[in-house]
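Trainee: Okay, handing you the structure first.
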Amino acid sequence: MRIAQISTLSSPVREQAGGSVEAWVWLLTRELIRLGHEVTIFGAGGSESEGEIVATLPGPYGAPGSLEDWQLCEWVNLCRAVEQSHRFDLLHAHAYLWGIPLEPFSRAPMLHTLHIVPDNDAAGLWSMRPKARVTAISNHQWSPYPQLRPVATIPHGVDVSQFTFRAQPEDYVCYLGRFVSGKGPCQAIAAARALGLRLLMAGPPNPYFREKVQPLVDGKTVEYVGFLRGAERDQLLGGARALLYPIQYPEAFGLVLVEAMLCGTPVAAMRLGAVPEIVEEGVTGCCAASSEEFPRAILDALSLDRRQIRERTERRFSAEQMARAYASVYQSIVATAGKQAIP
């Protein structure tokens, strides 16, 4: 099939992109090409791929020659892809469902994936065109809107070769992610201290980190190790006795859970959002229903079989499996569209 991937433009599409969606689009594109499909990426200048790249703007939001308004950047990218839609069998858009109103102008069928928790505007946009085809990244993602039915649920996949299995961890637990209240970094510190566990924390610093988290970092029981990528990220996750994931609000997915488990590292998490779909209770991690239960979940997770965690996660969340699932959805949509076009 000839497939267009319409990326977001917070960064160029690359393996180590600054934006998570752009890195995910790079990975999906690579896997689809390996399956024999022709894939074109519509994205920011500087994008990299084994397939064709259409750089609709010189760079991401605010870059020289680009536009300052990030929403305008996304809209330009979507419109350019639809303008060239005659070249493709299908367009897969990742820009907040904003491509749905453009469907009547596309000469190829469109599929849409939202990579965040949907809000009422996203649901309202889909409701305006209820026959639009949307995939979910978890069963939880669209559950608040039962009138809207995704065509499939396809969890995010990961390049399993980028994560090293560690049978013997070091003597620490870790927190890896953004420093915002909803991610629960302060709850991670409280739980680790209650259990007497050394905690390493990684993520990009921001005002919340400086105001709320940094005063709790003592460099001994709680250490901040910076914003890690690539091999350093892999080393942190693999060396941890457990990943702490005490989120305070439901999330549509949690990619860091998969990354940790691929290293053999068990997860201790709050039972919210998509977490129960990702973490197999008592197998790849342990979940808690409240902050009071969270320390118990950590202790239970420490005793899990790390090799089994790796094996189960690799089977469920490989990038190849994800790409095959999307290719199957693409084929179904293209076949249906072809039948509808027959007079």
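Trainee: Where the Cα atoms of the chain are projected onto their three principal axes, how long is each span, largest first, in whole Å?
Mentor: 69, 42, 36
Trainee: Sequence neighbours fewer than 8 away in the same chain don't count; with that in mind, list the aspartates and glutamates whose C-alpha is under 18 Å from residue 220.
Mentor: 170, 171
Trainee: So what's the convex hull volume per residue for the Cα atoms of the range 83-129, in Å³?
Mentor: Given the Cα convex hull of the range 83-129, per-residue volume reads 63 Å³.
Trainee: By the scheme Lys and Arg +1, Asp and Glu -1, what is the net charge of all other residues having a beta-carbon under 10 Å from that of residue 171?
Mentor: Net charge in that neighbourhood comes out at +1.
Trainee: Just to be sure I understand: if I project the alpha-carbon convex hull of the range 2-111 onto a plane and average over all orientations, what area do I get in nm²?
Mentor: That works out to 6.0 nm², a quarter of the Cα hull's surface.
Trainee: Using the Kirkwood radius built from alpha carbon pairs, what does the Stokes-Einstein equation give as D for the range 236-311 at 10 °C and 1.306 mPa s, in µm² per second?
Mentor: On the way: Rh = 11.8 Å.
Translational diffusion coefficient: 135 µm²/s.
Trainee: Working only with C-alpha atoms, what are the Rg and Dmax values of the range 40-103, expressed in angstrom?
Mentor: That works out to 11.6, 33 Å for Rg and Dmax.
Trainee: What spacing in nm lies between the two simple spin-label points modelled at residue 167 and residue 221, each 7 Å away from Cα in the Cβ direction?
Mentor: Here the modelled spin labels are 3.4 nm apart.
Trainee: In addition: Compute, for residue 221, the solvent-accessible surface of its heavy atoms (probe 1.4 Å) with the complete set of protein chains present, and express it in square angstrom to the nearest 10.
Mentor: Taking all protein chains as shown, residue 221 has close to 60 Å².
Trainee: Once you sort the root eigenvalues of the Cα gyration tensor of the range 34-172 as a ≥ b ≥ c, which label holds: rounded (a/c under 1.5), prolate (a/b larger than b/c) or oblate (the other case)?
Mentor: Judged from the Cα gyration tensor, the range 34-172 comes out oblate (a/c at least 1.5, b/c at or above a/b).
Trainee: Once you have the alpha carbon radius of gyration of the range 4-69, what is it after dividing by 2.2 N^0.38 Å, with N set to its residue count? It would help to have the intermediate numbers written out before the result.
Mentor: Values: Rg = 11.3 Å, N = 66, 2.2 N^0.38 = 10.8 Å.
In units of the 2.2 N^0.38 Å rule of thumb, it is 1.04.
Trainee: If you don't mind, there's one more thing I want to ask. I need the trypsin sites (Lys or Arg not before Pro) found in the range 136-233, filtered to DSSP loop residues with at most 15 other beta carbons within 10 Å of theirs.
Mentor: In loop regions of the range 136-233 (DSSP not H, G, I, E or B), the sparsely surrounded trypsin sites (Lys or Arg not before Pro) are 178, 220, 229.
Trainee: Additional query: For residue 248 and residue 35, calculate 0.36 nm times their separation in residues minus their Cα-Cα distance, and state this gained length in nm to one decimal.
Mentor: 72.8 nm
Trainee: Moving on. Expressed as an acute angle from 0 to 90° and rounded to the nearest 10, what is the orientation of the C-alpha long axis of helix 20-34 relative to the principal long axis of the chain?
Mentor: 60 degrees
Trainee: Angle between the Cα long axis of helix 230-239 and the longest principal axis of the chain, 0 to 90 degrees, nearest 10?
Mentor: With both axes taken from Cα atoms, the answer is about 40 degrees.
Trainee: Continuing with this model, one more query. Quick one: net charge of residue 49's neighbours, Cβ under 13 Å, K/R +1, D/E -1?
Mentor: -4
Trainee: Sticking with this one: Hull surface divided by four, with the convex hull built on the Cα atoms of the range 268-336: how many nm²?
Mentor: Answer in nm², one decimal: 5.6.
Trainee: Per residue Cα convex hull volume for the range 116-266, in cubic angstrom?
Mentor: Considering the Cα atoms of the range 116-266, their hull volume per residue is 125 Å³.
Trainee: With axes computed from alpha carbons, what is the tilt in degrees of helix 185-195 against the longest principal axis of the chain, rounded to the nearest 10 within 0 to 90?
Mentor: Tilt of helix 185-195: around 30 degrees.
Trainee: For the range 193-325, compute the orientation-averaged projected area of the C-alpha convex hull (one quarter of its surface), in nm². Present the calculation step by step, with values, prior to reporting the outcome.
Mentor: On the way: hull surface 34.1 nm².
Hull-based average projected area comes out at 8.5 nm².
Trainee: Counting only protein heavy atoms, what percent of the accessible surface of the range 1-111 is carbon or sulfur at a 1.4 Å probe?
Mentor: 50 percent
The values are calculated or read from the model by the stated rules, or taken from the named source; none is laboratory data. Small disclaimer: the values here were computed from a predicted structure and weren't measured. FYI the Cβ positions are ideal-geometry reconstructions off the backbone, even for glycines, and counts take in every protein chain you see. SASA here: full protein model, heavy atoms, side chains in, ligands and nucleic acids out. Shrake-Rupley method; radii C 1.70, N 1.55, O 1.52, S 1.80 Å.
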